[in-house]
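What follows is one structure encoded as structure tokens, with my remarks underneath.
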Amino acid sequence: MNRQDITSLLWDSNIRIDNLIWLAANSSDICSELEEFLEFDSEEAKRLLGVEPPESTRDFEEYLSDRYNEGKVGYLVKAATPSKGEHNTYTWGRCNLKWFYFETWDEAAVTSALSEWAEKVRA
């Protein structure tokens with residue numbers, strides 16, 4: 001599956017990737033998006049990474065180091081799909097959002113999981 005195929009599939013499925021974080025790239029310096037995820041979406045972090053993050057941002061580096069040692073070096077993806085708005089029409093002004101974790105960046109698996117989620121949310 002090439003980039004054009006993925007883009008078309010996501011476009012046709014009304015799915016947007018709002019955030020993509022490669023955990024392995026954050027082993028020595030944590031990006032602000034990952035820090036925000038751990039700080040403000042701790043329940044999602046626990047669901048996806050198996051352990052609730054610490055309350056203090058100062059402890060995030062050690063927390064991530066432990067996750068790396070457990071093999072959690074994949075990708076966090078925050079997906080969005082439009083919600084029904086006024087007049088029973090879908091709008092990007094109100095979105096359903098969900099975080100996903102993928103061990104590898106397998107385009108077919110990623111697009112399949114996101115498409116299944118979007119269909120379920122809009123059903």
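The values are calculated or read from the model by the stated rules, or taken from the named source; none is laboratory data. Computed from a predicted structure; not experimentally measured. Positions of Cβ are backbone-derived with ideal geometry, glycine not excepted, and every protein chain shown enters the neighbour counts.
Some observations on this one:
One line per residue, one yes/no per condition, for (1) within 17 Å of the chain's Cα centre (by Cα); (2) aliphatic (A, V, I, L, M):
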position: 44; (1), (2): yes, no
position: 53; (1), (2): yes, no
position: 68; (1), (2): no, no
position: 76; (1), (2): yes, yes
position: 79; (1), (2): yes, yes
position: 83; (1), (2): no, no
position: 98; (1), (2): yes, no
position: 108; (1), (2): yes, yes
position: 123; (1), (2): no, yes
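- Any hit, the stretch 114-123, residues being part of a helix (DSSP H, G or I), without any contact (Cβ under 8 Å) to a residue 24 or more places away in the chain and either over 23 Å from residue 10 (Cα atoms) or of a type in the set (A, V, I, L, M, F, W, C) (or both): no
- Per the listing 100, 37, the residue uniquely part of a helix (DSSP H, G or I), closer than 25 Å to residue 116 by Cα, in contact (Cβ under 8 Å) with a residue 40 or more places away in the chain and aromatic (Phe, Trp, Tyr) is 37.
- Long-range neighbours under 8 Å by Cβ, at least six apart or interchain, first residue touching a residue at least 24 places away in the same chain (Cβ under 8 Å) within the stretch 16-30, second among the hydroxyl-bearing types (Ser, Thr, Tyr) and surrounded by 13 or more Cβ atoms within 10 Å (Cβ to Cβ): 16/81; 20/75; 21/75; 22/75; 23/68; 23/75; 24/68; 27/68
- Residues that are of a type in the set (Asp, Glu), over 12 Å from the mean Cα position of the chain (by Cα) and either assigned to a strand (DSSP E or B) or farther than 18 Å from residue 67 by Cβ (or both), drawn from the stretch 9-34: 12
- Near pairs, Cβ below 7 angstrom, 6+ apart or cross-chain, from the stretch 40-67 (polar (S, T, N, Q)) to any residue that is surrounded by 12 or more Cβ atoms within 10 Å (Cβ to Cβ): 42/52; 42/53; 57/35; 57/39
- Among the conditions (1) touching a helix residue (DSSP H, G or I) at 6+ places or on another chain (Cβ under 6 Å); (2) of a type outside the set (Ser, Thr, Tyr); (3) at pLDDT 95 or above; (4) more than 20 Å from residue 121 (Cα to Cα), the only one that residue 99 does not satisfy is (4).
For (1) surrounded by 12 or more Cβ atoms within 10 Å (Cβ to Cβ); (2) touching a helix residue (DSSP H, G or I) at 6+ places or on another chain (Cβ under 6 Å); (3) of a type in the set (A, V, I, L, M, F, W, C), each residue gets a yes or a no:
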| residue | (1), (2), (3) |
| --- | --- |
| 10 | yes, no, yes |
| 15 | yes, yes, yes |
| 63 | yes, no, no |
| 89 | no, no, no |
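- Taken together, the criteria exclude residue 68 from residues that are surrounded by fewer than 18 Cβ atoms within 10 Å (Cβ to Cβ), under 18 Å from residue 9 (Cβ atoms) and among the hydroxyl-bearing types (Ser, Thr, Tyr).
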